[in-house]
1. Report yes if residue 39 is surrounded by 16 or more Cβ atoms within 10 Å (Cβ to Cβ) and either out of contact with any Gly (no Cβ under 6 Å at 6 or more places or on another chain) or at pLDDT 90 or above (or both), otherwise no.
2. Pull out all pairs, ordered by first then second residue, where Cβ-Cβ is under 6 Å, the residues are six or more apart or on different chains, the first lies in the stretch 37-66 and is touching a residue at least 12 places away in the same chain (Cβ under 8 Å), and the second is hydroxyl-bearing (Ser, Thr, Tyr) and part of a strand (DSSP E or B).
3. Looking only at the stretch 46-57, decide whether some residue is in a helix (DSSP H, G or I) and not basic (Lys, Arg).
4. Quick one: which of 77, 91 is at pLDDT below 90, surrounded by 12 or more Cβ atoms within 10 Å (Cβ to Cβ) and not in a helix (DSSP H, G or I)?
5. Which one is surrounded by the most Cβ atoms within 10 Å (Cβ to Cβ) among residues in the stretch 1-29 that are part of a loop (DSSP other than H, G, I, E, B) and under 14 Å from the mean Cα position of the chain (by Cα)?
Amino acid sequence: MMERLIKRFLEYVSVETTSSFESKTFPSTNTQLGLARILKAEMESIGLKEVVLDDYGYVLGTLPSNIESDIPVIGFIAHMDTSPDMSGKEIKPS
């Protein structure tokens, strides 16, 4: 399990997602959509429901409850880009 988790993480950080200060679009570069597509596929493969990748590069999904009790909902939010000041291009994690 841990090896699979590490493999996924290393794959994610290998994707070039440097943003552009000059861009007027969202996401600011097309390469950022590459990671979004990977995350969407991963979310679907592990059983999340209602997985969508919108035009702005946001990836959303729902993990259905596995219990009958009415419990609070939690959300996780993160950004996928790296700053142009510290490019993530050609990163070779190990």
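1. Considered against the rule, which asks whether it is surrounded by 16 or more Cβ atoms within 10 Å (Cβ to Cβ) and either out of contact with any Gly (no Cβ under 6 Å at 6 or more places or on another chain) or at pLDDT 90 or above (or both), residue 39 comes out as yes.
2. 49/62; 50/62
3. No, there is no match, as no residue in the stretch 46-57 is in a helix (DSSP H, G or I) and not basic (Lys, Arg).
4. Going through 77, 91 in turn, the sole match is 91.
5. 17
The values are calculated or read from the model by the stated rules, or taken from the named source; none is laboratory data. Note that the structure is a prediction, hence the values are computed from the model and not measured. Please note: Cβ atoms are built from the backbone with ideal geometry, for glycine as well, and neighbour counts cover all protein chains shown.
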